[in-house]
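Chemist: First, the structure itself, so that you have it in front of you.
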Amino acid sequence: MLAIFLKTLPFFALIGLGYWAGRTRFFTSEATAYLTKFVFYFALSAMLFNFSANLSLAEVWDTRLVAAYLWGTLFVYGIATLVCYFRGLNIEVSAIEAQCAVIGNVGFLGVPMLTLLLGPEAIGPVMMALAVDLIVFSSLITILITGSRDGRMSLAILKTVGRGLVKNPMIVAITLGLLWSGLKLPIPVPMNEFLALLGAAATPGALFAIGASLASKSAERLSVAGWLSFCKLVLHPLFVAFACFVLFKVEPYQAMVIISASALPVAGNVYILAQHYNASPQRVSAAILVSTALSIVTVSLWIAWLTTT
């Protein structure tokens, strides 16, 4: 446990440094927004393209792994939604809380951290989890919130979902990379060095940006934040582990990677969605802050358990 904790500590130390920079206003909110945009559209996209261009589709897609991740994620999504129903919350807030319960920071934290901690072979399962989160659950929350406001499903909702997917640079980077790999195109040396150089900025940039953005988050509604953090950090990896080991018999290494990805704290893009739809952004803010702080310990515990079983 201590060895794993010491390995994860530098990643969280970078988040802490970003938090200090944001809290002291050394990095303003505007500066953080621009850094996040650089990482999201350029550095992380370059990293994902470079990874996926050197992978085959078979290394990313595994039917049993996808089924296990979907089953575990949907099960916890259902638990969070049911709790919202008994609390008398409307569809919008329920969709936001359910999203907090299952969508982890796979893009900014999982891709750089898990590929370094668990080896380069981890990138396939991590990218699969990222793709499922972006394609399935980002679409689902858009459909639920927009549909509840319109009072019906319409073609316009599906167009909104489609535009969101096409404009997401992470999906575009993964798709283009897999197409490049599928066509068996060689990557020219200058292009490969350019992608490696730009992609190298993704890890420190993303972690620093996470911390700086957390500095503007508030910790209101701590009881709700605690419940959502428990869902994300404990229930989500627990049920994904059950699905991997019991229901779908996933290969052990792939199971270890996908469970570790499930154990990551609440993703920042949930806050962006909540803010965009004006659907309880403060409770999402608190969930991100609390889950990220707790994950310093819980992620290490999960990875330590998985690497010793």
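Chemist: Quick one: grab Rg to one decimal and Dmax as a whole number for the chain, Cα atoms only, in Å.
Modeler: Radius of gyration, then largest Cα-Cα span, for the chain: 18.5, 58 Å.
Chemist: Tell me the mean residue ellipticity at 222 nm calculated for the chain from its helices only (DSSP H runs of n ≥ 4, each -39500 (n - 2.57), averaged over every residue, nearest 500).
Modeler: Value at 222 nm, helices only, nearest 500: -23500 deg cm²/dmol.
Chemist: For PHE245 and PHE86, FRET efficiency with R0 = 25 Å and r from the beta-carbon atoms, rounded to 0.05?
Modeler: After rounding, the FRET efficiency stands at 0.25.
Chemist: Separate question: Across the chain, where is the longest run that never hits chymotrypsin sites (Phe, Trp or Tyr not before Pro) in a DSSP loop with at most 16 other C-beta atoms within 10 Å?
Modeler: 62-309
Chemist: Right, here's the next one. Quick one: check the C-alpha center-to-center distance for segment 29-91 versus segment 212-275, whole angstrom.
Modeler: That distance is 10 Å.
Chemist: Could you work out how far apart the two model spin labels at GLU121 and ARG25 are, taking each label as a point 7 Å from the Cα in the direction of the beta carbon, and quote it in nm?
Modeler: With each label placed 7 Å out from Cα toward Cβ, I get 5.1 nm.
Chemist: Quick one: net charge of ALA122's neighbours, Cβ under 14 Å, K/R +1, D/E -1?
Modeler: -3
Chemist: How about LYS184: which lysines have a C-alpha closer than 28 Å to its C-alpha, ignoring those fewer than 8 places off in the same chain?
Modeler: LYS167
Chemist: Anyone know which of PRO252, PRO186, PRO169 comes out most mobile in the 10 Å Cα GNM of the chain?
Modeler: PRO186
Bear in mind these aren't lab numbers, they're just calculated from the coordinates by the rules spelled out. Everything quoted here is computed from the prediction, not taken from an experiment. FYI the Cβ positions are ideal-geometry reconstructions off the backbone, even for glycines, and counts take in every protein chain you see.
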